[in-house]
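Beneath this line is the structure, given in structure tokens, with notes to follow.
The values are calculated or read from the model by the stated rules, or taken from the named source; none is laboratory data. This one's a predicted model, so the numbers in the text were calculated from it and none came from an experiment. Neighbour counts are summed over all protein chains in view; Cβ atoms, including those assigned to glycine, are modelled from backbone coordinates with ideal geometry. For accessibility, only protein heavy atoms count, side chains too; no ligands or nucleic acids. Shrake-Rupley method; radii C 1.70, N 1.55, O 1.52, S 1.80 Å.
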Amino acid sequence: MNSLGLVDVAVIGGGPAGLSAALWSARYRRRVLLVDAGRQRNRRTARSHGYLGMDDAAPDDLVERALADVLAYPEVARVCPANVLDVTADAGSPGRFRLRLDDGRHADALRLILATGVVDELPNIEHFDQYYGSAVFTCPTCDGYEAQGKRVVAIGDDEHISAFALGLLDWAASVALVIAPDATPVRTGETDRVGSAGVEIFRGTPTALEGSGGVLRGVQLDDGTYVACDVMFCTVRNVQHSDLASRLGCQMTDDGCVAVDGDGRTTVEHVFAAGDMTPGPHMVQVAAAEGARAGVAAALSLRGERGAPGSPHPAPEPSEVLSG
């Protein structure tokens, strides 16, 4: 049988946002389907910092513990690994969505929560993968504390790179900024001001990271210059991990995020979104909070509506009862 049946809420994505959304929808006794491809954005990071109760946890440990909490709710069913190939409005049943999975199965849902995240476009530097997540990072907020007292190199070519490098002085013993020779977003005279603030400036293109035993020692530039460092931070662009939101017709922001209101509602009725795919800081804590809001909002939006088989008789919509 290829049908997974009808659920109240289908959550696509099993990172912190999706797990939180599934948990909170379940706490309203909604039948939840969690579809997870198992490719969380931070899976290559050695440690996840600042999450209350699990500070400095390995990302896999954090997700496994959260998943155990979610699956303790009998209302939640999980399909993993699985990708959602497409989501369409069910023409035969208005108000329903039909999800088609890559394993040939399908499911129907009354509400949809997208938590598919983003993909970072990482630089093409030799040995980058060897140090990424342990000595090379993209988020000073997440990993800057661990760089305190160390020699830090910042690389990037966007309009934020100067502020990015200056901000690293909150933690680093020294900061060197490597700017590509053709980095047009850096305004004239800006490097002089950055240099006067204590940041050493290099013009060149990083070609390789050097070190031994997993310990980063420096960055090699294309002109032969060697910049010693213990840690590297780089600005990166990111894109939506999935195009489901755009295919559903959800409005996107100028930055390529899915536009949502304060409860995670997109511009498409009954479709919610949470986590890094929406505007705001890319932090585990924030993603989990946004997932919680979307999960609660999706569950509350079902009040007064007949739910999936096995769901409780819904409470009435208070505004309909109390009006007049």
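Of note:
- Per residue, the average separation of C-alpha pairs within less than 8 Å and at least 6 apart gives the chain a relative contact order of 22 percent.
- Selection among VAL79, MET54, GLY18 by position relative to the dipole of the chain gives VAL79 as farthest towards the positive end (Cβ unit charges, Cα centre).
- Surrounding net charge for PRO140, when Lys and Arg each add one and Asp and Glu each subtract one, Cβ distance under 11 Å: -3
- Ranking by accessible area, most exposed first, for ILE201, ILE161 with a 1.4 Å probe: ILE201, ILE161
- Working value for the chain: equivalent-ellipsoid semi-axes of 43, 19, 18 Å, each the square root of 5 times a Cα gyration tensor eigenvalue, largest first.
- Evaluated with a Cβ-only charge set (Lys, Arg +1; Asp, Glu -1), the range 10-142 carries a dipole of roughly 680 debye about its Cα centre, given to the nearest 20.
- Computed Kirkwood radius, in angstrom, where 1/r is averaged over Cα pairs of the range 77-229: 18.7 Å
- The modelled label-to-label distance between VAL236 and GLU64, using points 7 Å beyond Cα along the C-beta direction, is 2.3 nm.
- Where the range 100-159 is the region considered: accessible area per residue in Å², 1.4 Å probe: 43 Å²
- For the range 39-111, the share of alpha carbon pairs falling in successive 5 Å distance bins from zero is 3, 13, 16, 15, 17, 15, 10, 7, 2, 1 percent.
- Carbon and sulfur %, accessible surface of the chain computed with the full protein complex present, 1.4 Å: 49 percent
- Probe 1.4 Å, accessible area per residue of the range 6-77, Å²: 45 Å²
- Annotation: TYR226 carries an accessible surface of approximately 100 Å², with a 1.4 Å probe and no ligand, DNA or RNA atoms counted.
- Dipole magnitude for the range 126-221: about 280 debye, using +1 per Lys or Arg Cβ and -1 per Asp or Glu Cβ, origin at the Cα centre.
- Accessible area of the range 202-324 divided out per residue, in Å², using a probe of 1.4 angstrom: 49 Å²
- Per the Kirkwood formula applied to alpha carbons, the range 188-268 shows a radius of gyration over Rh ratio, Rg over Rh, of 1.20.
- Each Lys or Arg adds one and each Asp or Glu takes one away; over the other residues whose Cβ falls under 14 Å from the Cβ of SER174, this sums to -1.
- Gain in span if fully extended, GLN148 to GLU190, counting 0.36 nm per residue against the direct Cα distance: 12.6 nm
- Unpartnered cysteines - no second Cys beta carbon under 4.7 Å - across the chain: CYS80, CYS229, CYS234, CYS250, CYS257
- Rounded accessible area of THR225 (nearest 10 Å², 1.4 Å probe): 40 Å²
- Low-density loop positions, trypsin sites (Lys or Arg not before Pro), the range 131-197 - DSSP coil, at most 11 other Cβ in 10 Å: ARG187
- Taking 7 Å steps out from each Cα toward its Cβ at ASP222 and ARG43 produces label points 3.3 nm apart.
- Convex hull (Cα only) mean projected area of the range 3-145, reported in nm² to one decimal: 10.2 nm²
- Amide N of the range 191-226 lying under 17 Å from the label point, which is placed 7 angstrom from the Cα of LEU169 along Cα→Cβ: 191-202
- Taken about its Cα centre, the chain carries a charge dipole of roughly 1100 debye when the Cβ of each Lys and Arg holds +1 and the Cβ of each Asp and Glu holds -1.
- Chain lengthening between GLU269 and GLU320 when straightened (0.36 nm per residue, less Cα-Cα): 16.4 nm
- Sum of side-chain charges, VAL236 neighbourhood, beta-carbon under 11 Å (Lys, Arg +1; Asp, Glu -1): -3
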